[in-house]
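Okay, structure first, notes after.
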Amino acid sequence: MLDNEELLKGYRESLKVAWGYNDYEDWPLRISSIMHLFTDVFAKEFIEDLNAIWDEENGPQQLAQIFEYPGRLFRLIDVVIFGLRRARTPLEEQRQFVVRMLRAAHTLKAGDLFNKNGANLLIHPDIPPKSSRKQGDSNLIHKLQAALFMYTEAILFRGHDAVKTVHGPYITADNTAIVIREFHNLSPTELWPSSLLINHKKITTVCEYMTSAEVKVDCYDHIYHSGKLNQSLLSWHVTIDGESVDTEQISAFVDALIAKTRQVSGIVDEWTWQQKTEKYADIFWFRKSPLRELRGLSSKVPDHVYETIRNGKPSEIRSKCLSPREVAFLIQLGV
């Protein structure tokens, strides 16, 4: 296992890839412009909860188990660090937090922690046998994935870690590449009325591609490819709440997803910036709720956070896009 300094160096390098990927066109408003209104409280709670379980037996394994995916842990690091900086937390404590999150993520990985070879390989992936995978209908399968991405963006804004993960490519004996996309927490009634949500908890798509597609996945679950995925798909398998579905079911489901997405996004677009920020806070607390619930504590946003939002304002400095040079500088300021 890497030592602490190697872990921190790998984390910094991973940020360069992830922040370079981000287009900074956040919907429904730029997250960086309003994070100062609640992330210090968010980070304080997170650290308290993390420290409470870390010293118990199998602390890293417990943390990994409740968040399930390494990408979820990676994405939560960035948010908590922002809050810790605002609270002027000593650098050594920030680094300790990052190391603990990375050690927990490492327990979930079968391959390199930082995906240096472009593969996000998890322990014991659930890959259906070739005999149960279907062929054809590439446009429909990728349309389903696009619709799921838009739906999860509508209900969780930029809280991608709480609703989706991408892992693979797993290279098969036939020299093909398996990529698994898991969309979970798809009906968060803690955040929205059930009438605005689909009635399913989890949808998984398993896609087998030709290796010529050159698919890569970073440790933040971003997927990259130099070839055309549509033309490279060899086989697929889709489950909704654990049950396999066919193309007819998928086609009807895509239409329902798009309708729900339009409904939710239409409502949000009519909100004030304060209403959008309050929902962002709700989403952030939802993102860390597994840790809170493990301790038997409330995962609700504290009332004083809403008060801060209503009395605050967005940051003008953080409302603009960052240049590559500014991104590099921010990373250097970090852990």
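The values are calculated or read from the model by the stated rules, or taken from the named source; none is laboratory data. Predicted, not measured: the structure shown is a model, and the values here were computed from it. Cβ atoms come from the backbone with ideal geometry, glycine included; neighbour counts cover every protein chain shown. Just the protein is used for accessible areas: all its heavy atoms, side chains included, with ligands, DNA and RNA removed. Shrake-Rupley method; radii C 1.70, N 1.55, O 1.52, S 1.80 Å.
For (1) under 27 Å from Thr176 (Cα atoms); (2) polar (S, T, N, Q), each residue gets a yes or a no:
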site	(1), (2)
Thr89	no, yes
Arg95	no, no
Leu108	yes, no
Asp112	yes, no
Asn115	yes, yes
Ile123	yes, no
Arg133	yes, no
Leu148	yes, no
Glu153	no, no
Check your understanding: Quick one: what pairs do we get from the stretch 288-307, first residue more than 19 Å from Gln62 (Cα to Cα), second open to solvent by less than 30 Å² (accessible area, probe 1.4 Å) and of a type in the set (Phe, Trp, Tyr), C-beta under 7 Å, 6+ apart or different chains?
Key -> Lys300/Trp285; Val301/Trp285; Val305/Phe38
Review point. Just to be sure, is Leu29 at pLDDT 90 or above, part of a loop (DSSP other than H, G, I, E, B) and either over 18 Å from the mean Cα position of the chain (by Cα) or surrounded by 14 or more Cβ atoms within 10 Å (Cβ to Cβ) (or both)?
Key: yes
Revision key, fill the gap. For the stretch 260-276, pairs from a residue that is in contact (Cβ under 8 Å) with a residue 24 or more places away in the chain to a residue that is charged (D, E, K, R) and part of a helix (DSSP H, G or I), with Cβ under 7 Å and 6 or more apart or across chains, are Val268/Lys276; Gln274/Arg310
Review point. Using beta carbons and a limit of 7 Å, which pairs, at least six apart or on different chains, have the first residue in the stretch 188-207 and open to solvent by 70 Å² or more (accessible area, probe 1.4 Å) and the second one part of a loop (DSSP other than H, G, I, E, B) and among the hydroxyl-bearing types (Ser, Thr, Tyr)?
Key: Asn199/Ser187; Lys201/Ser187
Practice item. Could you check, for the stretch 256-267, whether at least one of its residues is of a type in the set (A, V, I, L, M) and in contact with a Lys or Arg (Cβ under 9 Å, 6 or more places away or on another chain)? Key: no
Check your understanding: Residue check: is Ser299 surrounded by fewer than 20 Cβ atoms within 10 Å (Cβ to Cβ), in contact with a helix residue (DSSP H, G or I) (Cβ under 8 Å, 6 or more places away or on another chain), part of a helix (DSSP H, G or I) and hydroxyl-bearing (Ser, Thr, Tyr)?
Key -> no
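Here is a yes/no grid of residues against (1) of a type in the set (S, T, N, Q); (2) farther than 27 Å from Gly111 by Cα; (3) touching a helix residue (DSSP H, G or I) at 6+ places or on another chain (Cβ under 9 Å):
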{"residue": "Tyr151", "(1), (2), (3)": "no, yes, yes"}
{"residue": "Val163", "(1), (2), (3)": "no, no, yes"}
{"residue": "Val166", "(1), (2), (3)": "no, no, yes"}
{"residue": "Lys202", "(1), (2), (3)": "no, no, no"}
{"residue": "Thr211", "(1), (2), (3)": "yes, no, yes"}
{"residue": "Val215", "(1), (2), (3)": "no, no, yes"}
{"residue": "Ser226", "(1), (2), (3)": "yes, no, yes"}
{"residue": "Ser244", "(1), (2), (3)": "yes, yes, yes"}
Check your understanding: Does Lys130 meet the test of being touching a residue at least 24 places away in the same chain (Cβ under 8 Å), surrounded by fewer than 18 Cβ atoms within 10 Å (Cβ to Cβ) and at negative phi?
Key -> yes
Check your understanding: Where residues in the stretch 235-280 are among the β-branched types (Val, Ile, Thr) and more than 20 Å from Phe183 (Cβ to Cβ), which of them is least open to solvent (accessible area, probe 1.4 Å)?
Key -> Thr277
Review point. Which numbered condition trips up Leu102, out of (1) farther than 16 Å from Leu2 by Cβ; (2) modelled with pLDDT of 95 or more?
Key: (1)
